[in-house]
Amino acid sequence: MTTGAGRRSIPSLERSAELYRRALKVLPGGVNSPVRAMRQIGREPIFVARGEGCELIDVDGNRYVDWVGSWGPLILGHAHPEVLAAVAAAAQRGTSFGAATEAEVELAEAVVDRVPSAEMVRMTSSGTEAAMSAIRLARAATGREVVVKFAGAYHGHSDGLLAEAGSALATLAIPASPGVPTSHTASTVVVPWNDREAVSRALADHDVAALVAEPIAANMGVVPPRAGFLEFLRSASIDGGSLLIFDEVITGFRVGRGGAQQLYGVEPDLTVLGKVIGGGLPAAAFAGGSELLERVAPAGDVYQAGTLSGNPLATAAGLATLRALDGPAYERLIALTDRFAAGLKTLAAGRPLQVAAAPGLLTLFFSERPILDFAMAAACDLDAHAGFCRAMLDRGVYPPPSQFEAWFVSLAHDEATIDRTLEAAAESLDEVLG
Ligand SMILES: *Cc1c(COP(=O)(O)O)cnc(C)c1O
């Protein structure tokens with residue numbers, strides 16, 4: 001218990017500590033996905049008991065304003081009544097069939113209706129699988145093998161894409177990934193984000209099957225494309241005879257109804273979707289023009305499958321989530337993000353801090369200069385960031401516990417929670433930067 005206006009008491013983390021000790025014996029690092037361990041910010045993980053709207057409640061009963069939102073899926077917040085009702089109704093009818101269902105057709109139609117470049121869709125259970133499968137399809141369609149990706153971009157943890165991946169890998173500073181055969185990454189070329197020259201060189205030097213990009217980079221922190229960069233990627237890939245894949249696992253259905261491709265008016269050949277599309281349950285997809293997608297089995301010869309692909313519960317959660325995401329919902333999400341970003345920019349004035357934002361997404365970089373690529377993101381003051389995150393948690397605000405991630409704004413946040421977060425941020429920044 002202390003004084004400051006935004007400071008709320010976090011009386012005890014006893015049960016979290018106890019669960020962590022048990023977890024360390026049976027789960028590597030005590031977790032099932034690295035960033036949850038909070039090692040990057042030098043503390044032990046918090047074990048969550050439940051979520052309510054924009055709040056997390058931990059196993060010791062402490063409440064936090066949640067800015068992670070399960071890393072993107074929960075654009076409507078935790079335990080949204082319509083999503084819960086849809087999942088419960090679906091569960092009553094059976095949890096998995098391994099056979100075709102009506103809801104899969106409906107969800108695919110919803111994707112085609114929203115995403116400008118999508119005419120057909122194949123669903124998977126994770127973004128990792130969807131990205132991996134999209135690349136398989138691109139290689140089959142072009143008869144080429146090399147994939148160009150951007151340093152600090154994350155496209156899941158499949159072997160070929162774990163070359164200088166961002167997100168937790170970058171955070172943990174693992175130089176390469178043990179266990180990934182060099183033969184797999186040998187067909188992946190990594191270039192800096194926002195660097196036209198490097199892209200042109202890669203396309204000239206290799207027979208490139210696909211250029212894969214997060215159209216708004218969000219796994220090195222949020223780093224929007226420079227003006228004209230996505231248009232450049234589109235024309236360069238056409239000139240080079242390669243396909244353009246937008247990994248919209250984060251940006252899809254978040255930065256706008258039709259994702260970043262609609263926001264920027266640049267249509268890729270293939271789109272990878274995840275996170276929001278599953279509404280908090282495991283679902284992802286890849287989509288594109290009919291001619292390309294008809295290459296996927298059983299319509300075509302490119303093999304792709306999944307026991308739980310198009311799972312009824314995940315499909316119901318995704319459909320309920322997309323239904324709630326209408327025009328006014330996006331206007332609201334943008335207004336909330338703007339308010340949050342503006343408040344942070346006020347706090348950042350005169351300090352070594354940069355605020356980068358896109359609709360529903362935001363990152364606070366501890367840097368003197370605006371961030372344009374992964375090298376600049378990696379050069380930020382990570383210790384100051386870690387201290388800031390710890391100070392925020394002490395004040396009942398749960399930020400993404402890594403500089404290389406986005407803060408996820410949801411429709412369950414409101415002006416009051418943003419203002420409370422800004423109050424906590426003001427105190428936390430004073431504590432860390434003086
Ligand atoms: C999260 C993410 C993935 C991987 O999705 P999983 O469901 O975690 O496998 C792929 N691409 C991007 C851009 C992501 O943010």
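Distance between the 7 Å Cα→Cβ label points at PHE97 and ASP430: 6.0 nm.
Considering only TYR20, GLY387, TYR330, the residue lying farthest towards the positive end of the dipole of the chain is TYR20, judged by Cα position with unit charges set on Cβ.
Taking Lys and Arg as +1 and Asp and Glu as -1, the other residues whose beta-carbon sits under 13 Å from that of GLY72 total -3. Over all Cα atoms in the stretch 20-167, the spread is summed up by Rg and Dmax: 19.2, 56 Å.
For the stretch 263-275, backbone phi angles converted through the Karplus equation (6.51, -1.76, 1.60; θ = phi - 60°) give residue-by-residue couplings of 4, 9, x, 10, 9, x, 7, 10, 10, 9, 10, x, 6 Hz, Gly and Pro being listed as x.
Karplus-derived 3J(HN,Hα) values for the stretch 311-323, using 6.51 cos²θ - 1.76 cosθ + 1.60 with θ = phi - 60°, are 3, x, 5, 5, 5, 5, 5, x, 5, 5, 5, 4, 4 Hz; glycine and proline are entered as x. Can you tell which of THR188, GLY156, ALA99 lies farthest toward the positive end of the dipole of the chain, using +1 and -1 charges on the Cβ of basic and acidic side chains (Lys, Arg; Asp, Glu)? Sorting the options by dipole projection puts first GLY156.
In the stretch 115-265, Cα pairs under 8 Å separated by at least six residues give a relative contact order of 26 percent. For the chain, leaving out every one of the GluC sites (Glu not before Pro) that falls in a DSSP loop and has at most 13 other Cβ atoms within 10 Å, the longest unbroken run is 1-293.
For the chain, the relative contact order comes to 23 percent (Cα pairs under 8 Å, sequence separation of at least 6). Here the Karplus relation 6.51 cos²θ - 1.76 cosθ + 1.60, evaluated at θ = phi - 60°, turns the backbone of the stretch 146-151 into coupling constants of 6, 10, 9, 10, 9, 4 Hz, with x for every Gly and Pro. The magnitude of the dipole of the chain, with charges of +1 and -1 set on the Cβ of Lys/Arg and Asp/Glu and taken from the Cα centre, is near 780 debye. Given GLY77, LEU263, PRO116, which one lies farthest toward the positive end of the charge dipole of the chain, if we put +1 on the Cβ of every Lys and Arg and -1 on the Cβ of every Asp and Glu? The residue sitting farthest along the positive end of the dipole is GLY77.
When peptides 303-311, 181-189 are ranked by their average number of other Cβ atoms within 10 Å per residue, the highest-first order is 303-311, 181-189.
Values in this text are rule-based calculations from the coordinates and carry no lab data. Predicted model, so just to flag it, every value in this text is computed and none were measured. Quick reminder, even Gly has a Cβ in these numbers, built from the backbone with ideal geometry, and neighbours come from all protein chains shown.
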